[in-house]
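Working notes, beginning with the structure itself.
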Amino acid sequence: MSADAASHADAAALRRTLARLREAGRALAARPPGAVLDALGAVLDAWRDAGSPPRRALAEGLPRSAGFSRAVVERGLEIGLGPFSGARLRALYERELGPPDAGRGAAASPRRLATGFPSTAVLLAGAIPSASLATLLAPLALRSAVLARPASRDPLTAPILRESLARVDAELGAAVAAVAFDARSDDALDAFLAADCVVATGSDATVARVAARVAPPRRFVGYGHRVSFAALGPEAAFGAALAAACEALALDVALWDQLGCLSPVSLVVAGDASAARRAAEALAGALERLEGELPRGEVPRDAAARTAHERAEAEMRAAARGDVALFAGRGFTVVAERDARLDRPAPLHRFVRVHPVEDAAGVVAALAPYGPHLAAVGLAGFGGAAPDLARALAGLGASRLCPLGTLQAPPLDWCHDNEGVLLPLARLTDFEPS
């Protein structure tokens with residue numbers, strides 16, 4: 001299987017492609033939902049195999065386009081695709097929309113019907129293929145044809161998916177197109193956004209720009225900037241429990257070089273500054289050990305400059321105060337802070353700040369300013385306080401709370417942005433037969 005990037009197009013080519021996809025979408029909509037789910041499930045199951053053509057193509061191509069090491073790509077795909085399967089896709093459909101083929105034929109009973117739009121345009125961002133795969137599969141599960149603009153750092157996932165679908169089901173393959181174009185061109189962007197439904201992922205500015213160009217009755221679904229954190233409770237503050245928690249957290253940080261919305265940028269620790277320093281030292285040791293197995297990839301020049309600046313700044317503060325500490329290696333930086341200020345710069349590329357908070361309530365207070373952008377929080381060591389902490393974090397807006405070490409493996413039905421997966425893209429009809 002090739003790892004060719006998507007073709008480039010101008011506004012006229014985009015309009016022609018969208019017209020063709022609408023025809024393919026009409027054919028797709030005429031098929032039983034269960035049959036489409038079966039075909040999509042077969043593709044998902046194939047992608048779970050590390051030796052499959054799609055996995056090999058991504059492992060070979062993503063290091064070139066995104067700058068990750070091959071080991072990080074292979075391990076990230078292994079972990080990220082682990083929760084994906086055909087059975088889980090069908091379970092997701094049934095959970096949000098009901099049995100896919102219920103009531104078909106003369107024996108129809110009162111039910112809610114779910115259909116997709118004739119066409120869905122998907123504006124992808126980032127460089128994590130499992131996230132792009134889930135975004136592309138959602139409209140297809142609703143039998144909507146998909147026009148995708150791949151992200152610049154991952155030009156591969158969308159065209160590889162199209163080819164995978166074509167091998168399993170020619171009609172499904174014909175219902176997907178991956179086309180690159182200059183998004184700065186208003187004509188090209190408007191041609192792309194002429195689809196019946198538009199999904200945009202990326203920065204808040206990008207999502208707002210796209211949303212302003214999509215008027216009803218077209219559907220718009222936007223997924224903007226999100227950030228994730230990690231939190232350690234008293235039961236993971238010492239000894240073996242601390243070591244295990246930091247080993248798990250190091251994997252969450254190292255995968256995709258901390259560049260995804262589920263990559264924790266800071267760790268908050270229930271305890272004083274000495275507890276934060278212990279956790280920072282343990283995390284640094286875990287990251288150093290992991291560097292040999294999962295080496296960090298390329299760091300852009302501006303990010304390297306930011307990292308150097310923040311390291312130097314932390315060194316100066318550490319020299320002036322005994323309750324700030326810097327632990328740094330060739331491929332990572334960990335700073336033990338003296339307070340719960342989470343607004344200091346986060347250069348990413350395996351740069352973590354560790355902050356002390358008094359207790360579980362302090363965790364909530366520290367993360368509260370990030371509520372509107374809060375994606376996930378990885379937790380360890382809160383024991384009986386965990387349920388109350390979870391309710392408080394959910395109240396802030398977190399859409400996922402999970403054990404450390406699993407942040408980069410969201411389930412297929414993760415309700416990111418506090419929404420469903422399929423529901424935002426579906427047209428629902430209540431059928432009340434006489």
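Rounded to the nearest 10 degrees, the inclination of helix 239-254 to the longest alpha-carbon principal axis of the chain is 50 degrees. Loop-resident trypsin sites (Lys or Arg not before Pro) (DSSP state other than H, G, I, E or B) in region 232-331 with no more than 14 further Cβ atoms inside 10 Å of their Cβ: 321, 330.
May I ask you to derive the relative contact order of the chain, considering only C-alpha pairs under 8 Å and at least 6 residues apart, and to give it as an integer percent? Let's see the in-between values first.
Numbers: 874 pairs, mean separation 85.7, N = 434.
Reported as a whole number, the value is 20 percent.
Sorting 264-273, 170-179 by their mean Cβ neighbour count within 10 Å, with the most densely packed peptide first, gives 264-273, 170-179.
Using the count of nearby Cβ atoms within 10 Å as a rough guide to exposure, how do 157, 120 rank from fewest to most? Please list the in-between numbers first.
Numbers: 157 30, 120 26.
Final ranking by Cβ density, sparse to dense: 120, 157.
On full extension, the segment bounded by residue 238 and residue 394 gains 53.4 nm, given 0.36 nm per residue less the C-alpha separation.
Placing a label point 7 Å from the Cα of residue 274 along the Cα-to-Cβ line, the residues of region 346-360 whose backbone N sits under 18 Å from it are 355-359. Extension gain, residue 423 to residue 171: 0.36 nm times the residue separation minus the Cα-Cα distance gives 88.4 nm.
Could you work out, for region 7-225, what percent of all Cα-Cα pairs fall into each 10 Å distance bin, beginning at 0 Å and stopping at the bin that holds the largest distance? All Cα pairs, binned at 10 Å, distribute as 8, 33, 36, 19, 3, 0 percent.
Under 13 Å from a point 7 Å along the Cα-to-Cβ line of residue 309: which residues of region 323-350 have their amide N that close? Residues 345-348 fall inside that zone.
Bear in mind that the values in this text are calculations on the coordinates, not laboratory data. Note that the structure is a prediction, hence the values are computed from the model and not measured. Reconstructed Cβ throughout: ideal geometry from the backbone, glycine too, with neighbour counts over all protein chains shown.
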